[in-house]
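The values are calculated or read from the model by the stated rules, or taken from the named source; none is laboratory data. Keep in mind that what you see is a predicted model, and the values were worked out from it rather than measured. Glycine gets a Cβ as well: all are built from the backbone with ideal geometry, and neighbour counts include every protein chain shown. Quick note on the areas: whole protein, heavy atoms, side chains included, nothing else; ligands and nucleic acids left out. Shrake-Rupley method; radii C 1.70, N 1.55, O 1.52, S 1.80 Å.
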Amino acid sequence: MADNAGTGDAAFDVVVLGGGSGGYACALRAAQLGLTVALVEKGELGGTCLHSGCIPTKALLHAAEVADSSRESEQFGVRSTFEGIDMPAVNAYKDGVVGRLYKGLQGLVKSRKITYIEGMGRLVSPTAVEVDGQRYEGRHVVLATGSTPKSLPGLEIDGQRVLSSDHALRLDSVPASVVVLGGGVIGCEFASVWKSFGAEVTIVEALPHLVPLEDEQASKMLERAFRKRKINFEVGARFAGVESVDNGVRVSLENGKQIEAELLLVAVGRGPVSQELGYEQVGVEMERGFVKVDEHCQTSVATISAVGDLIPTLQLAHVGFGEGILVAERIAGLDPAPIDYDGVPKVTYSEPEVASVGVTEARAREKYGDENVETITYDLAGNGKSQILRTAGFVKLVRQKDGPVVGIHMVGTRVGELVAEAQLIYGWEAYPDDVASLVHAHPTQTEAVGEAHLALAGKPLHAHG
Ligand code: NAI
């Protein structure tokens, strides 16, 4: 197929620009549906998620959990000595995980007969992408160029003392102390890792709470747990400036406070990669640097779609997968349903984890009115498995009065795994009684999900009511 490229014919059914979660999912699904596909990638297939996001950070978080287990083993009557973190060995483990998944993904793309084009691509027409002087035509073009760490005006990320998450993943030693700017998902996950690895950590968050997009009760529970772990944080505190001092940085806040540390991690969000790629020239409508799309991920140009972190939806790898699949199916002539973004599960993989699906209590009150919202919070103190793991936390349900469960919010060790059941409950618009009648396995943490529904259905078992 690539041989025909440059003739002006639509050589491919789809040309995908960017091989991250959104782009490669689109390419794989399109090929599965019998379309001819070209996939253009300038770096490594797999993008941010595989190489500098979800996968390597979760490997670090797992190493952090192992460190905590060995440090705290006496609590369980197991004698061990925690000797320290061998960062090169942690990195070798992390890189090994990434390497195996990378190899598998390359094999998958090859086996689906996708034409893989290595190089920097640029949109040159509504139906063409150019890579190194070669033009690749497609009936459809899918933009999937992703996102990159943002900074603040005047704050230069030098990769030495002031880091982005990309640099933070590649440290060859554990810093003695770190200031983490931004108490969102990236900030809380790195704070959690570094604390477990033995660093002194301070998070600075401008909004009143950590993980501010989550239900306020979940944010408060995480804050309580972080306080117990001696992770420092300043909330409602805006960054004012940073200067170099001997062996590190001095960070100033607008409230006058100053914090010194070896490193500053900037985790104030990720911005779209959309500049100088030809998007505007070809007529693709943009919004604050994001590509604007309709609910089927179609841009203002009929032949061009866009997916993943490049568009203004939730910046999550699994959202990218979903959007990529949706676009492939639409192009193939199927009639896929739009994504219900409230139904997308969100997990912050810190210790403890925060997991949620659906709307927060505050959002439900806005949406349905105060009198039409019911909530219940089931404390993990009553859950056997959580006590065995020695975790504190809760499962909170938000329900539309006399209606289905519209939000599930959880905090605690390993609760990220519970979000699978939570998303079915939300997605299938279950009523508390529907879930209350399902017998949950004992002793598991999923029982806490069952118990919360029993309580909301007016028949609590291991809870007062
Ligand atoms: P974020 O938007 O989640 O958090 C950034 C935080 O920085 C916000 O809470 C914001 O209020 C704060 N902030 C902004 N300006 C500030 C200032 N001047 N002073 C103090 N605080 C300030 O972005 P984050 O954590 O960088 O993550 C980027 C994206 O990657 C997010 O969309 C996130 O969902 C995604 N991601 C998802 C993960 C997961 O699902 N487990 C893991 C890591 C990232």
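Summary of computed values
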{"read-out": "Paired Rg and Dmax values of the chain, which use every Cα atom, in angstrom", "value": "23.7, 73"}
{"read-out": "Charge context of Gly182, other residues only, Cβ under 14 angstrom, K/R +1, D/E -1", "value": "0"}
{"read-out": "All lysines inside 20 Å of Lys396 as judged from Cα atoms, apart from same-chain residues fewer than 8 positions distant", "value": "Lys220, Lys346, Lys367, Lys385, Lys459"}
{"read-out": "Neighbourhood net charge (12 Å Cβ-Cβ; Lys/Arg +1, Asp/Glu -1) for Leu17", "value": "0"}
{"read-out": "Protection-proxy order for peptides 233-245, 21-33, 372-384, 270-282, each taking the mean of Cβ atoms within 10 Å per residue, highest first", "value": "21-33, 372-384, 270-282, 233-245"}
{"read-out": "Counting DSSP beta bridges with both ends in the chain, the antiparallel % (nearest 5)", "value": "60"}
{"read-out": "Set of lysines near Lys42 by C-alpha distance (under 24 Å), chain-local residues within fewer than 8 positions excluded", "value": "Lys94, Lys103, Lys110, Lys113, Lys150, Lys292"}
{"read-out": "Inter-label distance for Gln275 and Leu389, nm, one decimal - labels placed 7 Å from Cα along Cα-to-Cβ", "value": "4.2"}
{"read-out": "Per residue accessible area in Å² of the range 14-171, where ligands, DNA and RNA are left out and the probe is 1.4 Å", "value": "47"}
{"read-out": "Distance between the range 118-197 and the range 235-268 - C-alpha centres, whole angstrom", "value": "22"}
{"read-out": "Cross-link partners of Lys257 among lysines (Cα-Cα below 21 Å; sequence separation of 8 or more within a chain)", "value": "Lys230"}
{"read-out": "17 Å reach of a label modelled at Met87, 7 Å along Cα-to-Cβ, counting backbone N of the range 173-205", "value": "173-180, 190-202"}
{"read-out": "Sparsely packed chymotrypsin sites (Phe, Trp or Tyr not before Pro) within the range 46-131, loop by DSSP, other Cβ within 10 Å at most 14", "value": "Phe82"}
{"read-out": "Sparsely packed GluC sites (Glu not before Pro) within the range 65-103, loop by DSSP, other Cβ within 10 Å at most 14", "value": "Glu72, Glu83"}
{"read-out": "Neighbour-limited loop hits for GluC sites (Glu not before Pro), the range 284-328 (at most 16 other Cβ within 10 Å; DSSP other than H, G, I, E, B)", "value": "Glu285, Glu295"}
{"read-out": "FRET E, pair Lys401, Glu254, Förster distance 35 Å, beta-carbon r, rounded to 0.05", "value": "0.25"}
{"read-out": "Label point distance in nm, Lys103-Arg79, each placed 7 Å from Cα along Cα→Cβ", "value": "4.1"}
{"read-out": "Cα-projected label distance for Asp434 with Asp132, points at 7 Å along beta-carbon direction, nm", "value": "5.3"}
{"read-out": "Rg(Cα)/(2.2 N^0.38 Å) for the range 358-402, N = residue count", "value": "1.45"}
{"read-out": "Near-label residues of the range 378-392 by backbone N, under 11 Å of a point 7 Å along Cα→Cβ of Lys228", "value": "380-381, 387, 390-392"}
{"read-out": "Share of carbon and sulfur in the accessible heavy-atom surface of the chain [1.4 Å probe, %]", "value": "49"}
{"read-out": "Percent RCO, i.e. relative contact order, over the range 321-465, from Cα pairs under 8 Å lying at least 6 residues apart", "value": "23"}
{"read-out": "Neighbourhood net charge (11 Å Cβ-Cβ; Lys/Arg +1, Asp/Glu -1) for Thr48", "value": "-2"}
{"read-out": "C-alpha center-to-center spacing [the range 394-447, the range 57-116] in angstrom", "value": "29"}
{"read-out": "Surface/4 estimate of mean projected area, convex hull on alpha-carbon atoms of the range 162-268, nm²", "value": "6.2"}
{"read-out": "Linear extension gain, Leu461 paired with Lys42, 0.36 nm per residue minus alpha-carbon span", "value": "145.3 nm"}
